[in-house]
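Below is one structure, written out as structure tokens; the observations come after it.
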Amino acid sequence: MKRLNITNIQDLKNKRPIVCLTSYTASFAKTIESYIDILLVGDSLGTVIYGMKNTQNVTLELMKKHGRAVIKSTQRPFTIIDMPFQSFRNKKDAYNNAKQLLAFTSCQSIKIEAGQRDINIIEYLAKKKINVISHIGVRPQSFRDFSKIKILGRNSYERKRLINLALKLQDAGSSLIFLECIVEDVAKEISSIIDIPTIGIGSGVNCDGQVLVINDLLGFNSDFSRPKFVKTYLNMPSQIKKAVKKFSQEVRMKKFPSKKYSYK
Ligand code: KIV
């Protein structure tokens, strides 16, 4: 099976919504790949997999291991990997780190949480033939404490700033733009004025595609820390608890392993 490429993804704009989910491990990536267009090896793995308080301690080495696992276990989705915090402080670091990430993992594109100051870095990477994706709006790498995150685009200054930034990042060579926690009318405007697709998270239905963190969708986020935009499609923790409770009871009662699960 041929892996989708960036042109396949860009061609979906104005045709049908693009489906994207994060994935960090071989088993999850393999299970979900046939239902999605894009897999994102997000640096959210810091909080989701490693229990960190934020994503600032995620390293290039961690990203490399998870990126490779996801690519090796899948065949079809376009696959993006996040550049971790402070791995793109200047052009030289950004280029060397992006090259390393892509060469080691074989992911197809890197994603950068980009502000005004990162436009020249995105441009440099794109000129060097690195497929680069920008992430604007709320940029989780800027927060030590996620409870301080606020929705963006509610006033005319922010609205203009976000629209301008999206246009500049498109001109700099971004191949997609992720929009995180931007009010829906601003996300709609950005999506209609740029030619490349937008992928939204907490940014309303008018983005060209949608992404969620897989663990949120599966119900792993506790109720009080779950943002409004997260829809839980399954209560997986309760399913896991049921199975493990049964296993525990069977082990204690010496019901497991029965003859069926033992060797003669
Ligand atoms: O790291 C991540 O999972 C992300 C998504 C929230 C878009 O960047």
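No value in this document is a laboratory result; all are computed from the given coordinates. This one's a predicted model, so the numbers in the text were calculated from it and none came from an experiment. Quick reminder, even Gly has a Cβ in these numbers, built from the backbone with ideal geometry, and neighbours come from all protein chains shown.
Label reach from K168 (point 7 Å along Cα→C-beta): in the stretch 79-106, amide nitrogens under 17 Å belong to 89-91. The label-point distance for I193 and E250, in a model that sets each label 7 Å from Cα toward Cβ, rounds to 6.0 nm. Considering the options Y261, Q170, I194, tell which one lies farthest towards the positive end of the dipole of the stretch 118-264, charges being +1 on Lys and Arg and -1 on Asp and Glu at the Cβ, about the Cα centre. Of the listed residues, the answer is Y261. The residue among V251, S225, M236 whose Cα reaches farthest toward the positive pole of the charge dipole of the stretch 187-264, with charges on the beta-carbon of Lys, Arg, Asp and Glu, is V251.
As a check on your grasp of the helix formula, calculate [θ] at 222 nm for the chain: sum -39500 (n - 2.57) over DSSP H runs of n ≥ 4, divide by the residue count, round to the nearest 500. Don't skip to the end; give the middle numbers.
Details: 10 runs with 101 residues, N = 264.
So the calculated ellipticity at 222 nm is -11500 deg cm²/dmol.
Taking 7 Å steps out from each Cα toward its Cβ at N235 and N57 produces label points 3.2 nm apart. Distance distribution note for the stretch 1-86: the fraction of Cα pairs above 15 angstrom is 57%.
Sort Y24, Y157, Y50 so that the residue with the fewest other Cβ atoms within 10 Å of its own Cβ comes first and the one with the most comes last.
Lowest to highest Cβ neighbour count: Y157, Y50, Y24.
Each peptide in 8-15, 208-215, 164-171 gets a packing score, the mean of other Cβ atoms within 10 Å over its residues, and the list from highest to lowest is 208-215, 164-171, 8-15.
Using r as the Cβ-Cβ distance of E158 and Y263, and R0 as 51 Å, what FRET efficiency do you calculate, to the nearest 0.05? Write out the running numbers ahead of the final one.
Values: r = 65 Å, r/R0 = 1.28.
Computed FRET efficiency for E158 and Y263: 0.20.
Go through the stretch 69-134 and name the trypsin sites (Lys or Arg not before Pro) that are in a DSSP coil and have 14 or fewer other Cβ atoms within 10 Å of their Cβ. Within the stretch 69-134, the qualifying trypsin sites (Lys or Arg not before Pro) (loop, at most 14 other Cβ atoms within 10 Å) are R89, K128, K129. Globularity index of the stretch 6-233 is 0.93 (Cα radius of gyration / 2.2 N^0.38 Å, N = number of residues).
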